[in-house]
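K.L.:
Sharing a structure below in structure tokens format, with a few things to ask.
The values are calculated or read from the model by the stated rules, or taken from the named source; none is laboratory data. What you see is a predicted model; the values in this text were computed from it and never measured. Please note: Cβ atoms are built from the backbone with ideal geometry, for glycine as well, and neighbour counts cover all protein chains shown.
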């Protein structure tokens, strides 16, 4: 009797588990990618404490002792802002594991011209490791949303204007255009999230007192 029970139950369980995997594949597929599993392990071992912003600091004011970082309250984004001296792709890749990156060939936040901040994105269901998901919801940024950038112990506030989808070529041309005669912030990430096919590009302008 027990053997006959096993004969029917085990195949049923196998089909049930297989069906669950198929239905929820977007949520669990990362488990079968050894590179992602390795990144999860590295993240658990090397994760640094997340920056804690000074809630009382006003826009445009000094933020003494505050580490460089970006905050987008409407998206729940908080991440260290890294400032590598080189635009070498390997160096940028290493820095993107530690936060978002101020592109070396752009101007610093708060200065006249175009500041460019880069960050990763990842598809739904991707594990929250390192900063792979930091800009996954960039497409939800709305006009008027405030972006806070802490840089060299000052807090700069930007107001979002728009989010566009661009080809990689269009984005490259944007970065080569002459710097605008205002205080512009560009935030960019891959689109679709986690795919290096196109770019999500958010444009924002410095809030003035």
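K.L.:
For residue 139, indicate whether it is assigned to a loop (DSSP other than H, G, I, E, B) and under 19 Å from the mean Cα position of the chain (by Cα).
P.N.:
Numbers: assigned to a loop (DSSP other than H, G, I, E, B): no; under 19 Å from the mean Cα position of the chain (by Cα): yes.
So residue 139 fails the test.
K.L.:
Being touching a helix residue (DSSP H, G or I) at 6+ places or on another chain (Cβ under 9 Å), surrounded by fewer than 22 Cβ atoms within 10 Å (Cβ to Cβ) and in contact (Cβ under 8 Å) with a residue 12 or more places away in the chain: is that true of residue 148 here? Talk me through it step by step, then tell me what you get.
P.N.:
Details: touching a helix residue (DSSP H, G or I) at 6+ places or on another chain (Cβ under 9 Å): yes; surrounded by fewer than 22 Cβ atoms within 10 Å (Cβ to Cβ): yes; in contact (Cβ under 8 Å) with a residue 12 or more places away in the chain: yes.
Answer is yes for this residue.
K.L.:
Turning to a different aspect of this structure: All but one of (1) assigned to a loop (DSSP other than H, G, I, E, B); (2) out of contact with any helix residue (DSSP H, G or I) (no Cβ under 9 Å at 6 or more places or on another chain) hold for residue 129; which doesn't?
P.N.:
Residue 129 satisfies every listed condition except (2).
K.L.:
Another question about this same structure. State whether the residues of the stretch 118-135 include one that is modelled with pLDDT of 95 or more, loosely packed, with under 15 Cβ neighbours inside 10 Å and within 22 Å of residue 78 (Cβ to Cβ).
P.N.:
no
K.L.:
Somewhere in the stretch 69-90, is a residue closer than 17 Å to residue 172 by Cα, touching a residue at least 12 places away in the same chain (Cβ under 8 Å), surrounded by fewer than 20 Cβ atoms within 10 Å (Cβ to Cβ) and out of contact with any strand residue (DSSP E or B) (no Cβ under 6 Å at 6 or more places or on another chain)? Reasoning before the result, please.
P.N.:
Just the residues of the stretch 69-90 that are closer than 17 Å to residue 172 by Cα, to begin with: 87-89.
Applying the additional criterion that residues be touching a residue at least 12 places away in the same chain (Cβ under 8 Å) yields 87.
With surrounded by fewer than 20 Cβ atoms within 10 Å (Cβ to Cβ) added as a condition, the list becomes 87.
Going one step further and asking which of them are out of contact with any strand residue (DSSP E or B) (no Cβ under 6 Å at 6 or more places or on another chain), we end up with 87.
Yes, that holds for at least one residue.
K.L.:
Being in a strand (DSSP E or B), within 20 Å of residue 207 (Cβ to Cβ), touching a strand residue (DSSP E or B) at 6+ places or on another chain (Cβ under 7 Å) and at pLDDT 95 or above: is that true of residue 160 here? Don't jump to the end; show me each part of the working.
P.N.:
Values: in a strand (DSSP E or B): yes; within 20 Å of residue 207 (Cβ to Cβ): yes; touching a strand residue (DSSP E or B) at 6+ places or on another chain (Cβ under 7 Å): yes; at pLDDT 95 or above: yes.
Yes, satisfied.
K.L.:
Which of (1) closer than 19 Å to residue 105 by Cα; (2) at pLDDT 90 or above does residue 155 not meet, given it meets every other one?
P.N.:
Single failed check for residue 155: (1).
K.L.:
Which numbered condition in (1) over 16 Å from the mean Cα position of the chain (by Cα); (2) loosely packed, with under 15 Cβ neighbours inside 10 Å is the only one that residue 155 fails?
P.N.:
Condition (2) is where residue 155 drops out.
K.L.:
In addition: Within the stretch 179-209, how many residues are surrounded by fewer than 18 Cβ atoms within 10 Å (Cβ to Cβ), in a loop (DSSP other than H, G, I, E, B) and touching a strand residue (DSSP E or B) at 6+ places or on another chain (Cβ under 9 Å)?
P.N.:
Going residue by residue through the stretch 179-209, those that are surrounded by fewer than 18 Cβ atoms within 10 Å (Cβ to Cβ) are 179-182, 192, 194-198, 205, 207-209.
If we keep only those that are in a loop (DSSP other than H, G, I, E, B) as well, we get 179-182, 192, 194-197, 207-209.
Keeping just the survivors that are touching a strand residue (DSSP E or B) at 6+ places or on another chain (Cβ under 9 Å) gives 179-182, 192, 196-197, 207-208.
Result for the stretch 179-209: 9.
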